[in-house]
1. Can you find, within the range 247-291, the residue that is surrounded by the most Cβ atoms within 10 Å (Cβ to Cβ) among those that are part of a strand (DSSP E or B) and without any contact (Cβ under 8 Å) to a residue 60 or more places away in the chain?
2. Go through the range 9-23 and give me each residue that's farther than 13 Å from residue 42 by Cβ and either of a type in the set (S, T, N, Q) or more than 9 Å from ligand 1 (Cβ to nearest atom) (or both).
3. Pick from 98, 146: which is part of a helix (DSSP H, G or I), crowded, with 17+ Cβ neighbours inside 10 Å and in contact with a Lys or Arg (Cβ under 8 Å, 6 or more places away or on another chain)?
4. Give me the residue from the range 149-205 that is over 19 Å from residue 29 (Cβ atoms) and basic (Lys, Arg) and, out of that set, farthest from ligand 1 (Cβ to nearest atom).
5. Criterion first (assigned by TED's automatic domain parsing to the domain that holds residue 307, open to solvent by less than 60 Å² (accessible area, probe 1.4 Å) and in contact with a Lys or Arg (Cβ under 9 Å, 6 or more places away or on another chain)) does residue 244 satisfy it?
6. Return the pair list, or none, for Cβ contacts closer than 9 Å from residues in the range 308-322 that are more than 26 Å from residue 280 (Cα to Cα) and in contact (Cβ under 8 Å) with a residue 60 or more places away in the chain to residues that are polar (S, T, N, Q) and not in a strand (DSSP E or B), at least 6 apart or on different chains.
7. Residue under question is residue 43, and the condition is that it be in contact (Cβ under 8 Å) with a residue 24 or more places away in the chain, more than 12 Å from ligand 2 (Cβ to nearest atom) and closer than 22 Å to residue 219 by Cα; does it hold?
8. Count, please, the residues in the range 188-201 that happen to be buried (at least 23 other Cβ atoms within 10 Å of the Cβ) and away from ligand 2 (no atom under 16 Å from the Cβ).
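The values are calculated or read from the model by the stated rules, or taken from the named source; none is laboratory data. Treat the numbers as computed from the prediction; the structure is a model and nothing was measured. Cβ atoms come from the backbone with ideal geometry, glycine included; neighbour counts cover every protein chain shown. Quick note on the areas: whole protein, heavy atoms, side chains included, nothing else; ligands and nucleic acids left out. Shrake-Rupley method; radii C 1.70, N 1.55, O 1.52, S 1.80 Å.
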Amino acid sequence: MATVTFDKATRIYPGADKPAVDQLEIETEDGEFLVLVGPSGCGKSTSLRMLAGLEDVNGGSIRIGNRDVTHLPPKDRDIAMVFQNYALYPHMTVADNMGFALKIAGVNKSEIRKKVEEAAKILDLSEYLDRKPKALSGGQRQRVAMGRAIVREPQVFLMDEPLSNLDAKLRVSTRTQIASLQRRLGITTVYVTHDQVEAMTMGDRVAVLKDGLLQQVDSPRNMYDRPANLFVAGFIGSPAMNLVEVPITDGGVKFGNSVVPVSREALSAAADKGDTTVTVGVRPEHFDVVEHGAGDTKTLSKDAPAGLAVSVNVVEELGADGYVYGSAQVGGQHKDLVVRVGGRDVPAKGSELHVVPRSGEIHVFSTSTGERLSD
Ligand SMILES: Nc1ncnc2c1ncn2[C@@H]1O[C@H](COP(=O)(O)OP(=O)(O)OP(=O)(O)O)[C@@H](O)[C@H]1O
Ligand SMILES: [Mg+2]
């Protein structure tokens, strides 16, 4: 077991005008499950491949424990990698596939057999050891690929979208298996996915990348509760956080017919940048539906209902709750919004709702820089 450190690690592909990964700085703890997540092309695989030794590092360094591995060949790094296409050898049995790396390393036969059987037991593959990969399901093949990594007892596991070949249902069950297996083995793991739900459910911590730049590295809880900027705010969470640009008024922001209180610090930070608006983020579950004049916020006009009028376009009923997809006029703009409502209180399509963001649950971002202003 070991820590993994990216110390300003940079990769510039030959002929590229900007780095694919730009001064990446992350330090994992020993035994931690770290997930790298971000949209396609943001540099996730490149980061992992630098750690694996499959990609040159053009600046900065990478350490495993206190060993500088920046320029070590992959075989000397004590890592095991699980790829998206598990690339099992089709002519070999499951047992031979799992033990292959040990055989190459010159480990004796009985030792290999013992390790393979142990791994097979952990992965629930014992009864398939003599089969060929083509006689296995997708999920079983994926577990063989995991087994191949486990038998090597590496210091670090690297996984690049290992579940993307599986169907949706199997993905969900396998992600739980991988996460619990990792916790049991306690081997430091760096896991790449473009799926934010997978990232949030599996990781001890999650690192969000965009255009080769690290946006935030945090626990799933903090990532959700305190996104560092507009990009992370919009990327993490499903349905996504509502983000609306609203004018700053005395003591808060104008949200339809209500003033929503915002901390003085956030407002003055915006004013310091010369901004007259801020971008407010409200998660779908953080709107209160209000009756005429109700809600805990100040109403601007006595004659109009409090909050923001949302006309209901689509209602998605999920049983326990429902999502209202609607539109509203905010800050002089037409805006699509998503509001979560109780499963028994779903409004009719075409009706109008009045919503107020729950105080204390709004996120304030600088409109000009995108950075978080509220704490
Ligand atoms: N071998 C290569 N040569 C040149 N450019 C590359 C190479 N591999 C990747 N890139 C570029 O580097 C950037 C990052 O690619 P990378 O494969 O790391 O993205 P990713 O986050 O893994 O994306 P995905 O989710 O699609 O797998 C992209 O702009 C990509 O086009
Ligand atoms: Mg990739």
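1. First, pick out the residues of the range 247-291 that are part of a strand (DSSP E or B): 247-249, 252-255, 258-261, 277-282, 287-289.
Filter once more, keeping what is without any contact (Cβ under 8 Å) to a residue 60 or more places away in the chain: 248-249, 252, 259.
Numbers: 248: 20, 249: 15, 252: 24, 259: 17.
Per the stated criteria, the residue is 252.
2. Kept after step one, since they are farther than 13 Å from residue 42 by Cβ, are these residues of the range 9-23: 9-10, 12-17, 23.
If the condition is that a residue be farther than 13 Å from residue 42 by Cβ and either of a type in the set (S, T, N, Q) or more than 9 Å from ligand 1 (Cβ to nearest atom) (or both), then 9, 10, 12, 17, 23 are the ones that fit.
3. 98
4. The extreme case among them is 152.
5. Numbers: assigned by TED's automatic domain parsing to the domain that holds residue 307: yes; open to solvent by less than 60 Å² (accessible area, probe 1.4 Å): yes; in contact with a Lys or Arg (Cβ under 9 Å, 6 or more places away or on another chain): yes.
Yes, satisfied.
6. none
7. Working: in contact (Cβ under 8 Å) with a residue 24 or more places away in the chain: yes; more than 12 Å from ligand 2 (Cβ to nearest atom): no; closer than 22 Å to residue 219 by Cα: yes.
In short, no.
8. Here the count works out to 2.
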